[in-house]
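Engineer: Dumping the structure here so I can ask a few things about it.
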Amino acid sequence: EHATSQRRLADPIVFSVELNSHVTGFGETLPRPYVTGETIASVIEAITKTYAPILLEMHPESFPHALEAIDALPWSDTEAAPAPAARAAVELALLDAYSKHSHRPISDAVGWMGMNEFGPNCSLRTIRHSGVLATSRLASMKRNLRLMWWYGLRNFKLKVGDDGDDERLRWASNYLARASLRLDVNGAWTLPDAIERLSRWNNVNLAAIEQPLAKGDEGSLPELKKHIDVPLMHDESLITIDDAKRLVDLGVADAFNIRISKCGGLMPSLRLAHFARKHGVLIQLGCMVGETSILSAAGRKFLELVPGVRFAEGSFGPLLLTH
């Protein structure tokens, strides 16, 4: 649970595509209306009406031709509504299928995209996934935090945005005196709220504050940045490369939370990471709550290819899912 949503059931969409060679590829997405505006129904409709006709006409002669066709997948449905989550499911399945069909590693995509500094085992050897503390109950947070610490996690993110924030933050920051702690507001604060709370917490050592203001209120972020020293991380406000450019132009792009199913797939996520490194922006690989190991595998491929990733979330599918 967090300030804008509570969830007990996972609702991923798993998409498979079978080539004429009988090779099958798998993709996955988790649409979130408050992130991309998409729903389960809209993703299924976009796949059926927008992407399926394109796939039936897709006959690449080589892996580079396949990458060209995959990269050209549309970002909106037939009604011109944004469809990055739907696109991600299709893109991942096609990358999986054509990689197997062509006997070429997906990592070859970074060379085709001109990202020569990206390559195998960049961040995967050094990154340690984060623990996310997402409960409004102090006792539950204490229990989860202790379990994660004993499990070996040392980077943590605390969801905030309600009246119990102070108590949970003080306890977590004291417990994690030797670890990294960042906050995620999920856009629940107004500008005055953000200034007041972060000023009150100025003695807490925070690695970043994620999405303090609502998506669409990015114009207020320069004013917020005048009052705080905590790096600003962008999540719901960061979907496309145009979003990234706007945040850099505003002078508030301290960190990007790149989530593959939110950002249109693996290749657009790699472009966002490349842009971030070019502009000195910290990179976090995010995840979607309830994702299966299909989407987590795509995330690990991202970590394998992108150097200098600071934080990573996800890869807990076998622990979170019971069926």
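Engineer: Please tell me if Leu67 is touching a residue at least 40 places away in the same chain (Cβ under 8 Å) and under 21 Å from Pro268 (Cβ atoms). Spell out the reasoning first.
Structural biologist: Values: touching a residue at least 40 places away in the same chain (Cβ under 8 Å): yes; under 21 Å from Pro268 (Cβ atoms): yes.
Yes.
Engineer: Go through (1) open to solvent by 10 Å² or more (accessible area, probe 1.4 Å); (2) free of Cβ contacts under 8 Å to residues at least 60 places away in the same chain; (3) not hydroxyl-bearing (Ser, Thr, Tyr); (4) not in a helix (DSSP H, G or I) for Pro307 and report which single condition fails.
Structural biologist: (2)
Engineer: Taking Thr36, is it part of a helix (DSSP H, G or I), in contact with a Pro (Cβ under 7 Å, 6 or more places away or on another chain), of a type in the set (Ser, Thr, Tyr) and modelled with pLDDT of 95 or more?
Structural biologist: Details: part of a helix (DSSP H, G or I): no; in contact with a Pro (Cβ under 7 Å, 6 or more places away or on another chain): yes; of a type in the set (Ser, Thr, Tyr): yes; modelled with pLDDT of 95 or more: yes.
So Thr36 fails the test.
Engineer: I've got another one for you. Looking at Ala93, Ala81, which one is open to solvent by less than 80 Å² (accessible area, probe 1.4 Å), in contact with a Phe, Trp or Tyr (Cβ under 9 Å, 6 or more places away or on another chain) and among the hydrophobic types (A, V, I, L, M, F, W, C)?
Structural biologist: Residue meeting the stated conditions: Ala93.
Residue-wise test of (1) within 30 Å of Thr24 (Cβ to Cβ); (2) open to solvent by 40 Å² or more (accessible area, probe 1.4 Å); (3) of a type in the set (S, T, N, Q).
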site	(1), (2), (3)
Ala86	yes, no, no
Ala89	yes, no, no
Lys100	yes, yes, no
Phe118	yes, no, no
Val160	no, no, no
Gly164	no, no, no
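Engineer: Can you say whether Ser237 is hydroxyl-bearing (Ser, Thr, Tyr), surrounded by 15 or more Cβ atoms within 10 Å (Cβ to Cβ) and under 15 Å from Gly286 (Cβ atoms), as far as the supplied structure shows? If you could, list the steps in order and put the result at the bottom.
Structural biologist: Numbers: hydroxyl-bearing (Ser, Thr, Tyr): yes; surrounded by 15 or more Cβ atoms within 10 Å (Cβ to Cβ): yes; under 15 Å from Gly286 (Cβ atoms): yes.
Judged against the criteria, Ser237 is a match.
Engineer: Here's a follow-up. Give the residue, chosen from Ala139, Ala134, that is closer than 13 Å to Ala172 by Cα and touching a helix residue (DSSP H, G or I) at 6+ places or on another chain (Cβ under 9 Å).
Structural biologist: Unique residue meeting the criteria: Ala134.
Engineer: Now a separate question. Out of Lys301, Lys278, report the one residue that is of a type outside the set (Val, Ile, Thr) and closer than 20 Å to Thr126 by Cα. Walk me through how you get there before you give the answer.
Structural biologist: Values: Lys278 fails: closer than 20 Å to Thr126 by Cα.
Just one listed residue meets the conditions, Lys301.
Engineer: How many of the residues in region 211-240 are within 14 Å of Ile195 (Cα to Cα) and among the charged types (D, E, K, R)?
Structural biologist: Selection size over region 211-240: 4.
Engineer: Here's a follow-up. Within region 5-13, does at least one residue satisfy the condition of being free of Cβ contacts under 8 Å to residues at least 12 places away in the same chain and within 24 Å of Pro318 (Cβ to Cβ)?
Structural biologist: If we filter region 5-13 for residues that are free of Cβ contacts under 8 Å to residues at least 12 places away in the same chain, which is where we start, we get 6, 8.
With within 24 Å of Pro318 (Cβ to Cβ) added as a condition, the list becomes 6, 8.
Yes, region 5-13 has at least one match.
Engineer: Kindly provide the set of residues from region 185-219 that are in contact with a helix residue (DSSP H, G or I) (Cβ under 6 Å, 6 or more places away or on another chain) and part of a helix (DSSP H, G or I), ordered by number.
Structural biologist: Leu191, Ala194, Ile195, listed by residue number.
Engineer: Could we say that Arg271 is touching a residue at least 60 places away in the same chain (Cβ under 8 Å) and either outside any strand (DSSP E or B) or surrounded by fewer than 21 Cβ atoms within 10 Å (Cβ to Cβ) (or both) here? Full working, then the answer.
Structural biologist: On the way: touching a residue at least 60 places away in the same chain (Cβ under 8 Å): yes; either outside any strand (DSSP E or B) or surrounded by fewer than 21 Cβ atoms within 10 Å (Cβ to Cβ) (or both): yes.
Against the criterion (touching a residue at least 60 places away in the same chain (Cβ under 8 Å) and either outside any strand (DSSP E or B) or surrounded by fewer than 21 Cβ atoms within 10 Å (Cβ to Cβ) (or both)), Arg271 qualifies.
Engineer: Can you say whether Arg300 is surrounded by fewer than 24 Cβ atoms within 10 Å (Cβ to Cβ) and in contact (Cβ under 8 Å) with a residue 24 or more places away in the chain, as far as the supplied structure shows?
Structural biologist: Working: surrounded by fewer than 24 Cβ atoms within 10 Å (Cβ to Cβ): yes; in contact (Cβ under 8 Å) with a residue 24 or more places away in the chain: yes.
It is true that Arg300 is surrounded by fewer than 24 Cβ atoms within 10 Å (Cβ to Cβ) and in contact (Cβ under 8 Å) with a residue 24 or more places away in the chain.
Engineer: Being in contact with a Leu (Cβ under 6 Å, 6 or more places away or on another chain), in a loop (DSSP other than H, G, I, E, B) and more than 30 Å from Tyr51 (Cβ to Cβ) is the filter; apply it to region 243-268 and report the residue that is least open to solvent (accessible area, probe 1.4 Å).
Structural biologist: Looking at residues that are in contact with a Leu (Cβ under 6 Å, 6 or more places away or on another chain), in a loop (DSSP other than H, G, I, E, B) and more than 30 Å from Tyr51 (Cβ to Cβ), I get Val252.
The values are calculated or read from the model by the stated rules, or taken from the named source; none is laboratory data. Just so you know, these numbers come straight off a predicted model, no measurement behind them. Here the Cβ is made from the backbone with ideal geometry for all residues, glycine too, and neighbour counts use every protein chain on show. For accessibility, only protein heavy atoms count, side chains too; no ligands or nucleic acids. Shrake-Rupley method; radii C 1.70, N 1.55, O 1.52, S 1.80 Å.
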